[in-house]
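K.L.:
The structure that follows is given in the form of structure tokens.
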């Protein structure tokens, strides 16, 4: 059992106070803690201050708009997202993605905002400090070399948030509060190509809610993982049929999701296969994961009928 490091803790009553506290050196937000706390035990993150969102009730609401448009609070648990009547009715693929995360216990703690802000993952990074030290550290943490691509210049840790491919296809917008004011970032533009600094929103900003436009065409969501629960995705695939053909967003293969489009399902398979280049960020072989890109895209297209 790895112990938690010592840290300070604050649970502010307002978003404004939370954002102010986050400006302190070494501060980090914490919601459900299902990703952050294990990382703290592994000494991946050593925050001096945890700023909790548990008292921010404004972040735990679903507000319905016209024609199925929704404003979904970032503080809502994934279980709430997966079972909310409005989400199930208008955005069933989002409910399916939330329902695919880990176990029911974790779904009852983890939040939508925490999922969108999920740290990138890698088999060399998400390890206890002693394990990493034996390899000379990790580029994302305390080392100078990315063991996935030693000759590369960046970090290739994978973005594995289950809800992101679906939210990207939906055209969802993530809304942040920062010291400078409100910042709106389309989910499709929220992630950068380096696993060390993968979020494009301003540092210290708090994700308060996600805006979902009125639903248009159905989305099929698929998650490939080693076990039917617990495990993070090896490959996350969301596909949508539209008037011009098909669109797909594929994740868990690099620091940022990959978007492709094609006029038909067969072409979409090939476009996805060409665009996705998994690296050795997971224990299963990258070559196997790449071969499964075609399979998962084909299965998603078939689900759409």
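Coordinate-derived values only; no laboratory data. Bear in mind that the values here come from a model prediction, so they are computed numbers and not experimental data. Quick reminder, even Gly has a Cβ in these numbers, built from the backbone with ideal geometry, and neighbours come from all protein chains shown.
K.L.:
Tell me the mean residue ellipticity at 222 nm calculated for the chain from its helices only (DSSP H runs of n ≥ 4, each -39500 (n - 2.57), averaged over every residue, nearest 500).
P.N.:
Computed ellipticity for the chain at 222 nm equals -7500 deg cm²/dmol.
K.L.:
For the range 196-239, what are Rg and Dmax over the alpha carbons, in angstrom?
P.N.:
For the range 196-239, the Cα-based Rg and Dmax read 15.3, 35 Å.
K.L.:
On alpha carbon coordinates alone, what is the Rg over Rh value for the range 28-167, Rh being the Kirkwood radius? Present the calculation step by step, with values, prior to reporting the outcome.
P.N.:
Working: Rg = 17.4 Å, Rh = 16.6 Å.
Value, to two decimals: 1.05.
K.L.:
Sorted from largest down, what three extents in whole angstroms do the Cα atoms of the range 1-83 have along their principal axes?
P.N.:
Reported extents, whole Å, longest axis first: 47, 30, 16.
K.L.:
If you don't mind, there's one more thing I want to ask. In Å³ and rounded to a whole number, note down the convex hull volume per residue for the Cα atoms of the range 103-197.
P.N.:
With only Cα atoms used, the range 103-197 gives 144 Å³ per residue.
K.L.:
Quick check: convex hull of the Cα atoms in the range 217-256, volume per residue, rounded to a whole Å³?
P.N.:
75 Å³
K.L.:
Mind listing P(r) for the range 35-93? All alpha-carbon pairs, 10 Å bins, whole percents.
P.N.:
Reading the bins upward from 0: 20, 36, 25, 16, 3.
K.L.:
Moving on to the next point. When ranked by the protection proxy of mean other Cβ atoms within 10 Å per residue, highest first, what sequence do the peptides 76-86, 203-213 form?
P.N.:
203-213, 76-86
K.L.:
Right, something else. Expressed as cubic angstrom per residue, what is the convex hull volume of the alpha carbon set of the chain?
P.N.:
Per residue, the Cα convex hull of the chain comes to 132 Å³.
K.L.:
Please arrange 180, 31 by how many other C-beta atoms lie within 10 Å of their C-beta, fewest to most. Don't jump to the answer; show the numbers that get you there.
P.N.:
Values: 180 10, 31 25.
Lowest to highest Cβ neighbour count: 180, 31.
K.L.:
Could you give the Stokes-Einstein D for the range 96-144 in µm² per second, using the C-alpha Kirkwood radius, 4 °C, 1.567 mPa s?
P.N.:
For these conditions, the coefficient is 101 µm²/s.
K.L.:
Could you work out the percent of alpha carbon pairs in the range 64-106 separated by over 12 Å, rounded to a whole number?
P.N.:
The proportion of pairs with Cα distances above 12 Å equals 57 percent.
K.L.:
List, largest first, the extents of the alpha carbons of the range 190-288 along their principal axes, each in whole Å.
P.N.:
The Cα atoms of the range 190-288 stretch 41, 38, 27 Å along the principal axes, largest first.
K.L.:
Continuing with this model, one more query. Alpha carbon centre of the range 164-181 versus the range 215-289: separation in Å?
P.N.:
20 Å
K.L.:
Nearest 5 is fine: what % of DSSP beta bridges in the range 1-150 come out antiparallel, could you say?
P.N.:
Within the range 1-150, antiparallel bridges account for around 35 percent of the total.
K.L.:
If each of residue 13 and residue 55 carries a label point 7 Å out from its Cα toward its Cβ, how far apart are those two points in nm?
P.N.:
With each label placed 7 Å out from Cα toward Cβ, I get 0.7 nm.
K.L.:
If the viscosity is 1.002 mPa s and the temperature 20 °C, what translational diffusion coefficient in µm²/s does Stokes-Einstein give for the range 243-301 when Rh comes from Kirkwood over Cα pairs?
P.N.:
185 µm²/s
K.L.:
Averaging sequence separations of C-alpha pairs under 8 Å and six or more residues apart, then dividing by the length of the range 1-149, give the relative contact order as a whole percent. If you can, show how the numbers build up before the last one.
P.N.:
Details: 215 pairs, mean separation 31.2, N = 149.
Averaging sequence separation for qualifying contacts and normalising by length gives 21 percent for the range 1-149.
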